[in-house]
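Engineer: Please see the structure below; I have some questions.
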Amino acid sequence: MFRLKMTCLICFLLLVALPGSAQGDRGKSELSTPKGPMTVEYGKPQLKGRDPLSMQQDGQYWRMGSNAMTTLKTPVELTFGTTKVPAGNYGLWLLKNGKNYELVFNQVTEGMGMAHEKAKDVATVPMKQGSASAPVEALTLELKGAPGGGVFSVAWGTLALSAEFKLAK
């Protein structure tokens with residue numbers, strides 16, 4: 001009887017622990033705003049010898065991360081150039097157009113992000129492309145503060161992308 005109870009306990013603990021470990025490494029970046037924190041949460045895939053520049057095909061959307069959707073929560077409206085993104089929760093995607101990249105804000109925030117739903121896009125903004133000073137092994141998404149707003153940045157491999165935004169007053 002004791003063995004049966006121990007076996008059941010071990011099975012229960014494994015079932016509880018596995019879903020959390022299946023998510024793998026998750027990343028989070030936060031930026032303070034006058035109306036509360038803005039956060040981006042994402043899965044952190046590793047390069048493992050791959051080249052992210054060659055992995056994404058032209059015209060293809062990528063969910064910017066691994067496992068569960070990459071999400072942005074903002075309590076304040078953001079303005080990227082002339083494009084406004086209302087306060088809210090968004091699934092984030094990266095669209096490759098030729099040699100350029102665009103950050104896509106989508107209404108879908110749940111699930112694994114295996115299929116992009118263009119009809120649910122809220123806004124698309126161009127990203128500036130540069131090179132990382134040293135290869136970045138794990139995908140890194142950051143929200144960095146700047147006067148009146150901030151910068152959303154992506155780094156993976158030698159790819160460095162950024163998009164500046166202003167916070168609504």
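Where a number appears in this text, it was derived from the coordinates with a stated rule and is not lab data. Source: prediction; values computed, not measured. Every residue, glycine as well, gets a Cβ built from its backbone with ideal geometry; the counts of neighbours run over all protein chains shown.
Engineer: What dipole magnitude, in Debye to the nearest 20, does the chain give about its Cα centre under +1 on Lys/Arg Cβ and -1 on Asp/Glu Cβ?
Structural biologist: 260 debye
Engineer: Continuing with this model, one more query. Would you compute, from DSSP H runs of 4+ residues alone, the mean residue ellipticity of the chain at 222 nm, taking -39500 (n - 2.57) per run and dividing by the full residue count, rounded to the nearest 500?
Structural biologist: It lands at -4500 deg cm²/dmol.
Engineer: In the neighborhood of S162, defined by Cβ-to-Cβ distances under 15 Å, what is the net charge if each Lys or Arg adds +1 and each Asp or Glu adds -1?
Structural biologist: The answer is 0.
Engineer: What does the net charge come to around A138 if you take all other residues with beta carbon closer than 9 Å to its beta carbon, with K and R at +1 and D and E at -1? Don't skip to the answer; put the middle values down first.
Structural biologist: On the way: positive: K44; negative: D25, E137.
Every neighbour counted, the sum reads -1.
Engineer: Next question, about the same structure. For S162 paired with E142, estimate the spin-label separation in nm (one decimal), with each label point 7 Å from Cα along the Cα-to-Cβ line.
Structural biologist: 0.9 nm
Engineer: Next question. Rounded to the nearest 5, what % of DSSP beta bridges with both residues in the chain are antiparallel?
Structural biologist: Taking every DSSP beta bridge with both residues in the chain, the antiparallel ones total about 100 percent.
Engineer: Additional query: Between beta-carbons, use under 13 Å as the cut-off and find the net charge around V108, counting Lys and Arg +1, Asp and Glu -1.
Structural biologist: Neighbour charge sum, excluding V108 itself: 0.
Engineer: So how tilted is helix 2-22 from the main axis of the chain? Cα-based, degrees 0 to 90, rounded to 10.
Structural biologist: 10 degrees
Engineer: Moving on. What's the exposure ranking of S131, S66, going from fewest to most Cβ atoms within 10 Å?
Structural biologist: S131, S66
Engineer: Return the label of the correct value of log10 I(q)/I(0) by the Debye sum over Cα atoms at q = 0.08, 0.14, 0.18 Å⁻¹, as calculated from the structure shown, out of (1) -0.22, -0.64, -1.02; (2) -0.68, -1.11, -1.23; (3) -0.29, -0.74, -1.15.
Structural biologist: The listed entry that was calculated here is (3).
Engineer: Which whole-number percentage describes the relative contact order of the chain, with Cα contacts under 8 Å and a sequence gap of 6 or more?
Structural biologist: Values: 367 pairs, mean separation 33.6, N = 169.
Across the chain, relative contact order equals 20 percent.
Engineer: Same structure, new question: Can you put R26, R50 in order of Cβ neighbours within 10 angstrom, beginning with the fewest?
Structural biologist: By the 10 Å Cβ count, ascending: R50, R26.
Engineer: Looking at the square roots a ≥ b ≥ c of the eigenvalues of the Cα gyration tensor of the stretch 97-169, which shape do they give, rounded for a/c under 1.5, prolate if a/b is larger than b/c, or oblate?
Structural biologist: Values: a/c = 1.73, a/b = 1.15, b/c = 1.50.
It comes out oblate by the Cα gyration axes.
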